[in-house]
Structures are given as structure tokens and as C-alpha cells.
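The values are calculated or read from the model by the stated rules, or taken from the named source; none is laboratory data. Keep in mind it's a predicted model, so treat the numbers as computed, not measured. Here the Cβ positions follow ideal geometry from the backbone for every residue, glycine too, while neighbour counts run over all protein chains shown. Each accessible area value is taken on the protein alone, full model and side chains, heavy atoms only, with ligands, DNA and RNA left out. Shrake-Rupley method; radii C 1.70, N 1.55, O 1.52, S 1.80 Å.
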Amino acid sequence: MITARLQSESLSEPGPGRSLWQDARRRIRQNPVAIVSFSILVLVGVFALFGPIFSGWSSEDINWNVLGNVETAGRPALDSGHYFGTDQLGRDLFVRTAHGVRVSLMVGIIGALIAIVVGTLYGTIAGYVGGRVDNLMMRTVDVIMSIPYMFVLIILLVMFGQSIVLLFVGIGLVSWLDMARIVRGQTLSIKNREFVESAIVIGVPPALIILRHILPNLVGIVIVYATLLIPNMIIFESFISFLGLGIQEPNTSLGVLISEGASQMQYGVLWQLGFPLFFFIVIQFGFFFLGDGIRDALDPKDRH
Amino acid sequence: MHSTPRTGTEEPLLSICDLRVTFGTPEGQVVAVDGASLDIHPGEVLAVVGESGSGKSQTALAVTGLLARNGTSEGSILWKGGEILGLPEHQLARLRSEEIAMVFQNPMTCLNPYLRISTQMIEGMTMNRKMTRTQARSACIDMLETVQIADAANRIDRYPHEFSGGMLQRIMIAMSLLRRPRLLIADEPTTALDVTVQMQIVQLLKHIRRKYGTAIMLITHDLGLVASISDRISIMYSGQIMESGLAENVFSNPRHPYTRALLDAIPRIDQNDGELRDIAGEPPDPASRTSGCPFHLRCGYRIASCIENRPDTLGSREHAHACHLSNET
Amino acid sequence: MLYFILKRIAIAIPTILALIVLSFTLMHYAPGSPFTGERPLPPEILTNLEAKYGLDRPFPQQVARYVWNIVTEFDFGPSYSYKDRTVNEIIAQGFPVTLTYGSLAFIVSIMVGATLGIVAAIHRTTWLDSLTVGITVGAQVLPNFIMAPILVLVFTLWLGWLPGGGWQGGQWPYLVMPIIALSTSFMASIARITRSSMIETLNSDFILTARSKGLPFHEVVIRHALKPSMLPVISYLGPTFVGLITGSVVIDIYFSTGGIGQHFVNAAINRDYPLIMGVTILTGILTVVFNLIVDILYVWIDPRIQY
Ligand SMILES: Nc1ncnc2c1ncn2[C@@H]1O[C@H](COP(=O)(O)OP(=O)(O)OP(=O)(O)O)[C@@H](O)[C@H]1O
Ligand SMILES: [Mg+2]
């Protein structure tokens, strides 16, 4: 009935790594909202890449028959070949929307990537080194955060000319701040776990510890944050483009299209606002629910 | 040392009969309390002892109507002879404010860190008893002195993080006594504290019982701690009462194998053989209740009927138990 | 506390100075800058500029002079897209407009957002909660530049209830749509933050203690849960403020309110550097000051913070 205490308690704890990811994958498969969001995003991506193949128009072709009479002749219709109608210049909106979605997604993804790379590097270094360096680095982030970044970006765009590259850089560089904070916090807590401490004691070089132990443990939070970052980047880009300072002709983006549509809506050509807006909102919702699903899957205790 | 042993002829203050507390969770139903019965008489100290997860806290919360949202309770809970289970919230709130007070396990997290001690003590007093703030404040300072907080008049305006755990638990106890409750439910009031402080808190509870005649339901998993204070003891396991009775009966003549296991697990200096004794195995999962006696999986005296039937509780208020083996002999 | 405030101010001042110096330097070396004279400038402006900055002097002296003018007289110099006006005059005209609807939008975001969040948290797992969560998720994907056209479409073009733009001294019909458009997404974020922090707070031990004292539930919420659950909201106020300032650019342009944002974009397009700098520095100062206030508020609410 009574025996000495068994010492097996600490062994039964499931290790991190594989099983965590398998669990997460299983949970996300069981989450219909996340699955639907993901599928919709894939569909949107397919539309952006391959949509134009199914149209006789290119994004710069002007349909002269429509010009001057967009209200009636430029309506969305199957027989005219303008599935989404045309814009005010008689250009096919189906192709232009696909083009705009492509550019917006690209800006979102590349902007998020820059933010992730810069933010993760900065955050891990600050968190890993700690002490005064950490303090200084995070204080710097605080200061930069208190600058109205949108103004800085606009100034940069005006000064150095409006280019997609600058837009990427600008967007990526102002959005790494949150990422750096999150990663630093996570690094601090990983650093204090036993397996890292023992690696430090053995004398494994810091770069290797960061590479082997810290970065792999950051993957989860980085993925979750990235799914939140992409739609934010898209909003950001659309905002700039809405002001006419972002993507320039002949390129286009969702922000440009929405801005153009919005400026025309009193002339009975609502489709010009409707289609880009629809895709904008679908993309936003898609990433929102996907991110939510991934977060749930990686951190189930957070809910119910 | 104990106050006169109660005989059970007078009316109990609190009488819990066949209480069942269940929680609905996404994974299914969790039975936290599974037909527990106990009663407490005025001025009596009842210790409810059991391992972690045995349903002690949920029993206490069911009494005061503070179960989590997903919890439901069935059975009967009589307060001074009247049913209180299922009372509307405002009546339960009144009961909590006037008659049954609670003290919880972790004093560090049980006080609001954003409010001064004075604010937290005074609130509720000025509301229910028609008392001015100054009156309430001096009553609070008196009570803090009763629980031996030195320099109470100044310290009362401090924030919780400026006190040690032991002091916070004294403050919690003082706060619960302000409304002169008939019953104080102390849910593991010493578990989060240092060993030296634990005894001080127990001494304080004794002092309070003597001074105010408050009945105390003392929840703990440490049988050793309650030996000196309790009049009666109820041993709880897996949501059920295994054995109950006067403290001296339970200590000197334990009848349930689980009680004996618990008693053996108390570390004693005189019998130190270098090994910490413990009960083998884990308590059953409250999410999947088995038939029969809940202890049968870990019991060394198991017989066939233990697996099939739940044993009846036999005996009197002085000593009762629920075990097939003892029932037969 | 006083020491803490002084310390924070001691950090804020260099931040502001750094901001001023940095933007002046950027402007100085910007391609097409008036200071290097790539574009021909009207002579009257050139004389003004030279008088102001001493353009013939070495660069450090120019910076010093610019900073000095701002610090002592709050003088940002002449604008050169609006020939006969100074930056100060333009700001003085546009800033009150932006401030009016901006602060109203700020208040609306917090009040409506926090209320929604609290209601949802208290009625958790009921339809009220689901409804609120639905609304806030929906509102979160509607940034100001999406809300503005939708509102105009509905309330101006279809219903004809509200004017589609203009300011008219800030009469309320002209205020409604700018405020709604600007506050919607922040309101949603604040509602979500409030909801989750309120739920977390309501699960804490000290709430159980408060309830065990017999306080009625609404008192428990008001006295015990409100303060702690507002802390995350307070730390979100800084980003909200920056977001509102940024959003005002869209509002000013879309609704032609004549606010500072409109001038900013015009200035940017016309390369009116003094005006750009003026607006940027002003908003920078406002942001720094605002964050200072938020920090102080935070410390004031949470007694555990060491300062
Ligand atoms: N809200 C809830 N939802 C689901 N299960 C719950 C809930 N609250 C408690 N339980 C379960 O009820 C069981 C009994 O819990 P209880 O808190 O009464 O244990 P206890 O005897 O007080 O233990 P401890 O010594 O750890 O405080 C536990 O297994 C717990 O998991
Ligand atoms: Mg408990």
C-alpha cells in the first residue's frame, strides 16, 4: 500500500519539438474556420496569379468603345469580356483587380518578411545578451515607436521618389518594432530554460545556442505574428496608395483601385469600388481567422 | 484544550447532504464532488482533509454559490435548517456578506494589487452595516491588531505587495472577520506559506474561535497541521467522504485504509527512517469516474465488492466511515 | 512619483530635439531641397529663407538656428508653396480642425470600445458576447480609408442625410462621418483588448475574494476589475494616438476638412520642406508628450511599478 516515492514524475512530461507541431497540425485540421480561411486565401492567390489568363484584356489595354460611356458600356458583364467591368479609363477591372491583389499580397508578404528578419535578429540579440545592451536596444525601440512613422515614410517617399522598393523598405523597417519586442520577450523566457542554461554551462558558443535552441523555439510565435503582420502591411500599403503616394501607374494595388473606385462612386459605377473592396476585405478576414486558428493550435490553453 | 465536544443534538449551522458538483467542459463532464455529506455545528472546527483535486475547494465554493460558470451543484445544503442551494444570487451575496466568510489559499493573489488594504477592508462594511467610513476604518484597524499586525493604523493604507505572505493571510483573515460571520471557511490558508508561518496562522484561527465563537471549516491536505485545532475531521477522496468523526477518534482509531495512509504519510521526527512516505499511485481522474469505492485502485486491502459497489457510510457523528472491509468486520 | 515624472521628461526632451535635428538634416540633404537650390525658388522666399536660416553659413549653424527658432519662438519659418504665409499660420489654421475631430474620435474609440469589451466579457458565452465579438472582428478590417468611402456612399449618396465633406466651423453634421471613419478600427481594437483583459481579470483570485465578501457583481466589476483590466488599454493608447494622427491625413483629404493632414500631403507633393518639417515635428512633439502622459497614468494606476 505504501511505498517509497517514485521518481518518475519528471520523465513523463512530453518533450517539446515534434509532438508539439504534430499536435498543432492536428488541431488546425480540426478547426473549420482556419481551414476555410486558408482555402479562401489560396483561391485569392490563384485568382491573382492566373486570373488574367482567362481574360482577353491586359491591365493596360484601353477599351476605346467603352470610353466616355463607362456607366453603361463598362458594366460588369460576361459577354463584353469585362467580368468585373472597366475602370474610368476603359481598362478591364478583372485583370486590374488580379494585378492589384498580386501587388498587395506581394507587398504584404515581403514587408512582413523584412519585419520578421529584422525584428527577430534585433529581438534575439537584445534578449540573449541582456543587461545594458538589452536596455539600450529596447529603449531605442521605444523612441522610434513614438515617432509618427507614417509621416516619416511619406517624407522618404517624397524625397527619394516613389518606388516599390522604397515602399517595401519603408514598410518593413517601421514594422519590425513590434516583432522585436515580442521576440525579445520570448527569447528571455527561453534563455532561462534548463536546456539553454546547460548549453551555456557546457560552453557552446552563443551564435550556436541562438541558432540551435532559441530560433527553433521562436518559430511558433513568429508564424502567428506573421499572419497578423501580412494584412497589416496590406492596410499600410493601401493607405499610402490611397493617398496617391504609393504604387504608381501602370502598376496598381488594392489601395490604388479602392481609391480610384471611391473617387468615382457618385457616377453610378459602384463596381469600381465594390470588387477591389471585396478582395481587400476577404484577404483581411482570411488572414485574421487563419492567424487566430494558428494561435489556437499552438497555444490551446489560451482559449475556452 | 478543545471546547466541549458536540453531541449532535443541537441543530447544525451548516449541513451538506449528498452534494454533487459537476463541471461541463469541452472534453466532457467533470465530477468534482460526488455525493459528499458533512455538517458543522456552531463554534465547531471541522477539518476537511484530502489530496489535491479531491473536491475540497469545490465543496466550499458550492456552499457560498461561487462555483465557476460551468459548474452546477445538486443535493442539499442547509444553512441553519434552510435550503441555500439554488438561492438567487442576491440572497447568496447577502449570506456571504453577513454569515459565511471565506479565506483562500494564496494570499498573494487574493487581494487586489491595485487597491489599498484599507479600501478593500472598508468596502462592504460601509455598504451593509450603516457605518461611517471613520467608524469602519477604526474597526478595521482594531481587527488588524487582533490578528497581530503591528502598526496597523499606518499600514492599513499600504498596498498588498508591501506585505509578506504570512501578513497578507492575517489581513485576509481579519478582513473575513470584520462582518462577524457565523462560519469561516478557510481553504488551505497555510499551503502557500512557510512552515514556520503555517503554525502561526493555525494559532490565530484557534484564537479567533475562542474570541468570537466562529465555526471554522478548515480545508487542508495536511492532516498533521490540523491535529491541534480541529474538533472533527472529514477525510475526502475523489469527491467523496471516506471517513469522518471526532478528531481524537480519527487520529487514534482510523478505520479507512486511506485515512491510515494519510496518517502514515505525516512526516514524524521520531520515526525518521530517511524516506518520505507517500501513497502510491495517482488519485482517479475526476473526468472519468469508476464504479465502486474510488480508492480501490490504490488500496492494499481491496476485495471484490470494492470494485463493484460503492460502500455505504456507516457510523455516527462521532465516527463514521465508508469502507467495505471495515463494514464487514 | 515626482522623480519619475522628471526622469521621463528628461528622456522626452532629447527625443524631441533629436527629432528636430534629424528632420532638418534629412531635409538639408534631400534631393531637390531648396537649401541646395536645385529648383528655382521665387526670390521673395529665397530672401526669407536666407534671413531665417543663414543659408550661407555652415550647416551646424543652420541646424542650431532652426532648433533655436523652434525652441524659443516656436517658429517653423516660411512656407514656400503658400508664398505669403508662414508655416505657423498654416498650422494655426489647420491644427484646430484636426484636433477637434481627432480628439472626439479618440474619446469615441475609448468609450465605445471599452464599453463593448466590458459588456462582452461580463456576458461571456451569451449571444451578447458573440455579437460584440462579431462586430469588433468586422470593424477591425475596416481602416479609415475604407470606412470613409463606405460612409459617404451610404449617408450621402444613398440616404442624403449627411454632407459628404467640408467643415463649416465644425458643425456636427460635418463631424459625424470623420469621427466614425477615424474611430471604427481603433474602437474595435480597444474592444477586443478590453474584453480579453476583463475576462482574465474576472478569473483572478482577488475577484473571488471580492465576491466572497458579498459585494454585488456590478460592484465587483466596477471596484475591482475595471482598473486592472484597463491597463492593457492604456498601453494601447499610445499606438492609438499615433494611428489617429496618421489617419487624420486620410480624413482631411477625403472629407476636405482643411485640417493639418491635407496641408501635409500637399506640402509633401509640392516639396514644401519647411511645412513638412513643421507638421512632422509638431506631431512628433505631441506624440512624445502624449506617451509621457500615458506612462504617468500607468504608474499612477499600478502601485507595484517601481520608479
Ligand atoms: N471550472 C472547472 N471546470 C472543470 N473542472 C474543474 C473546474 N474547477 C475545478 N475543477 C476540477 O474539480 C476537481 C476538484 O477540484 P478542487 O478545487 O475542489 O480540488 P481541491 O481538493 O481543492 O484540491 P487542491 O488541494 O489542489 O486545492 C479538480 O480535478 C479540478 O480539475
Ligand atoms: Mg483547493
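For this structure, a couple of remarks:
Table: residues versus (1) farther than 14 Å from B:Ser176 by Cα; (2) away from ligand 1 (no atom under 16 Å from the Cβ).
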residue	(1), (2)
B:Gly53	yes, no
B:Thr59	yes, no
B:Leu67	yes, no
B:Gly71	yes, no
B:Ile84	yes, yes
B:His90	yes, yes
B:Val103	no, no
B:Arg116	yes, yes
B:Ile149	yes, yes
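- Residue in region B:54-77 that is small (Gly, Ala, Ser), loosely packed, with under 15 Cβ neighbours inside 10 Å and in a helix (DSSP H, G or I) present: no
- Residue pairs whose Cβ atoms lie under 6 Å apart, separated by 6 or more positions or on different chains, with the first residue in region B:202-225 and away from ligand 2 (no atom under 16 Å from the Cβ) and the second among the aromatic types (Phe, Trp, Tyr), do not occur.
- Helices (runs of 4 or more DSSP H) fully within region C:73-165 counting 2 or more residues that are open to solvent by 50 Å² or more (accessible area, probe 1.4 Å) and not small (Gly, Ala, Ser): C:87-122, C:127-140
- Residue list for region C:267-307, filter: open to solvent by 50 Å² or more (accessible area, probe 1.4 Å), without any contact (Cβ under 8 Å) to a residue 24 or more places away in the chain and either within 14 Å of chain B (Cβ to nearest Cβ) or part of a loop (DSSP other than H, G, I, E, B) (or both): C:Arg304, C:Ile305, C:Gln306
- Total residues in region C:218-241, condition open to solvent by 30 Å² or more (accessible area, probe 1.4 Å) and either over 20 Å from B:Leu178 (Cα atoms) or more than 10 Å from chain B (Cβ to nearest Cβ) (or both): 10
- Of the residues making up region B:78-97, those that are within 14 Å of chain C (Cβ to nearest Cβ) and part of a loop (DSSP other than H, G, I, E, B) number 3.
- A:Gln186 open to solvent by 10 Å² or more (accessible area, probe 1.4 Å) and not in a helix (DSSP H, G or I): no
- Out of C:Gly117, C:Gly138, one residue alone is away from chain A (no Cβ under 14 Å) and among the small types (Gly, Ala, Ser). It is C:Gly117.
- Verdict on A:Phe278 being of a type outside the set (Ser, Thr, Tyr) and either over 17 Å from C:Ala148 (Cα atoms) or touching a strand residue (DSSP E or B) at 6+ places or on another chain (Cβ under 8 Å) (or both): no
- Pair list, Cβ under 9 Å, 6 or more apart: region A:154-165 residue closer than 20 Å to C:Ile245 by Cβ, other residue open to solvent by 10 Å² or more (accessible area, probe 1.4 Å) and of a type in the set (A, V, I, L, M, F, W, C): A:Ile154/A:Leu243; A:Ile155/C:Leu26; A:Leu156/A:Leu166; A:Leu156/A:Val169; A:Leu156/C:Leu26; A:Leu157/A:Leu166; A:Val158/C:Ile269
- Within region B:30-45, the set of residues being within 16 Å of ligand 2 (Cβ to nearest atom) and surrounded by 23 or more Cβ atoms within 10 Å (Cβ to Cβ) comprises B:Ala32, B:Val33, B:Ala36.
- Region C:242-263: number of residues that are more than 7 Å from chain A (Cβ to nearest Cβ) and either buried (at least 24 other Cβ atoms within 10 Å of the Cβ) or outside any helix (DSSP H, G or I) (or both): 13
- Only residues that are without any contact (Cβ under 8 Å) to a residue 40 or more places away in the chain and either under 30 Å from A:Val224 (Cβ atoms) or touching a Leu at 6+ places or on another chain (Cβ under 7 Å) (or both) were counted across region A:90-112, and they come to 2.
- Region C:268-307, subset among the aromatic types (Phe, Trp, Tyr) and under 21 Å from C:Val249 (Cα atoms), residue nearest to the chain's Cα centre (by Cα): C:Phe290
- When region B:88-117 is limited to residues that are more than 18 Å from C:Val220 (Cβ to Cβ) and open to solvent by 40 Å² or more (accessible area, probe 1.4 Å), the one that is nearest to the chain's Cα centre (by Cα) turns out to be B:Gln105.
- Among the residues of region A:64-81, those identified as farther than 18 Å from A:Gln264 by Cα and either modelled with pLDDT under 70 or surrounded by fewer than 16 Cβ atoms within 10 Å (Cβ to Cβ) (or both) are A:Trp64, A:Asn65, A:Ala77, A:Leu78, A:Asp79, A:Gly81.
- Breaking point among (1) farther than 30 Å from A:Ser241 by Cα; (2) in contact (Cβ under 8 Å) with a residue 24 or more places away in the chain; (3) more than 14 Å from chain B (Cβ to nearest Cβ), for C:Pro178: (1)
- For the condition in contact (Cβ under 8 Å) with a residue 40 or more places away in the chain and of a type in the set (D, E, K, R), B:Asp157 qualifies.
- Counting only helices (runs of 4 or more DSSP H) that fall entirely inside region A:40-149 and contain at least 2 residues that are farther than 27 Å from A:Glu260 by Cβ and more than 14 Å from chain C (Cβ to nearest Cβ), the qualifying elements are A:93-129, A:131-145.
- Taking region C:181-203 as the range and being in a helix (DSSP H, G or I) and surrounded by fewer than 18 Cβ atoms within 10 Å (Cβ to Cβ) as the test, the residues that pass are C:Ser196, C:Ile199, C:Glu200.
- Residue check, B:Ala139 more than 16 Å from ligand 2 (Cβ to nearest atom) and touching a Ser or Thr at 6+ places or on another chain (Cβ under 9 Å): no
- Which listed residue, of A:Gly220, A:Gly274, A:Gly291, A:Gly244, is at positive phi and either among the hydroxyl-bearing types (Ser, Thr, Tyr) or surrounded by fewer than 23 Cβ atoms within 10 Å (Cβ to Cβ) (or both): A:Gly244
- Only one entry in B:Gly224, B:Gly213 is among the small types (Gly, Ala, Ser), farther than 22 Å from C:Asp205 by Cβ, within 16 Å of ligand 1 (Cβ to nearest atom) and more than 14 Å from every other protein chain (Cβ to nearest Cβ), namely B:Gly224.
- Members of region B:186-202 found to be more than 13 Å from B:Met172 (Cα to Cα) and of a type in the set (D, E, K, R), listed by number: B:Asp194
- Wholly enclosed helices (runs of 4 or more DSSP H) of region A:189-296 bearing at least 1 residues within 14 Å of another protein chain (Cβ to nearest Cβ): A:215-242, A:254-264
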